[in-house]
1. Look at residue 76 and say whether it is modelled with pLDDT under 90, in a loop (DSSP other than H, G, I, E, B) and within 30 Å of residue 24 (Cα to Cα).
2. Would you say residue 18 is open to solvent by 80 Å² or more (accessible area, probe 1.4 Å), within 16 Å of the ligand (Cβ to nearest atom) and at pLDDT 90 or above?
3. Check residue 89 against each of (1) of a type in the set (Asp, Glu); (2) open to solvent by 70 Å² or more (accessible area, probe 1.4 Å); (3) in a strand (DSSP E or B) and name the one condition it does not meet.
4. Among the residues of the range 57-73, are any of a type outside the set (A, V, I, L, M, F, W, C) and assigned to a loop (DSSP other than H, G, I, E, B)?
5. Does residue 43 fit the bill of being more than 16 Å from the ligand (Cβ to nearest atom), in a strand (DSSP E or B), surrounded by 10 or more Cβ atoms within 10 Å (Cβ to Cβ) and not acidic (Asp, Glu)?
6. Could you say which residue among 66, 36 is among the small types (Gly, Ala, Ser), touching a Ser or Thr at 6+ places or on another chain (Cβ under 6 Å) and loosely packed, with under 11 Cβ neighbours inside 10 Å?
7. Looking only at the range 71-83, how many residues end up being of a type in the set (Ser, Thr, Tyr) and in contact (Cβ under 8 Å) with a residue 12 or more places away in the chain?
8. Spot the failing condition for residue 54; the list is (1) within 11 Å of the ligand (Cβ to nearest atom); (2) loosely packed, with under 10 Cβ neighbours inside 10 Å; (3) not charged (D, E, K, R), and only one is missed.
Amino acid sequence: MHSFGYRANAVVTLAVTILAVMCSMASLSDNFNVPSPTAEVKVLNINWFQKQAIGNDEVSLTVNISADLSSLFTWNTKQVFVFVAAEYETPQNALN
Ligand SMILES: *[C@@H]1O[C@H](CO)[C@@H](O)[C@H](O)[C@H]1NC(C)=O
């Protein structure tokens with residue numbers, strides 16, 4: 001009746017059930033976090049700007065980036081990828 005197999009089965013079932021409930025709670029509670037990251041990018045210096053032979057523009061900038069990303073981090077956050085994309089307008093092209 002209460003063999004080792006039955007008891008092991010009951011313990012493993014309870015452990016997996018508790019794990020599933022904890023995973024669900026961790027996942028659902030993340031929906032209540034409203035991230036509000038802020039960032040400010042200032043161009044401090046344009047070191048050089050040149051047109052390449054194949055038509056691309058190449059620029060070297062010194063920028064000052066201040067960002068508060070702390071609201072992105074919850075217990076479900078493993079990594080945050082941050083990048084800066086530059087767009088500018090010229091008489092020939094509205095979007096470069
Ligand atoms: C960069 O920006 C921060 C915040 O606006 C400021 O405190 C810091 O002095 C700036 N650094 C430079 C090198 O301009």
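The values are calculated or read from the model by the stated rules, or taken from the named source; none is laboratory data. All values reported here derive from a predicted model rather than from experimental measurement. No Cβ is skipped: glycine too gets one built from the backbone with ideal geometry, and neighbour counts run over all protein chains shown. These area figures cover heavy atoms from the full protein model, side chains too; ligands, DNA and RNA do not enter into them. Shrake-Rupley method; radii C 1.70, N 1.55, O 1.52, S 1.80 Å.
1. Judged against the criteria, residue 76 is a match.
2. No.
3. (3)
4. no
5. When the stated conditions are applied, residue 43 does not pass them.
6. Result: 36 is the single residue among 66, 36 that is among the small types (Gly, Ala, Ser), touching a Ser or Thr at 6+ places or on another chain (Cβ under 6 Å) and loosely packed, with under 11 Cβ neighbours inside 10 Å.
7. Total meeting the criteria: 2.
8. (1)
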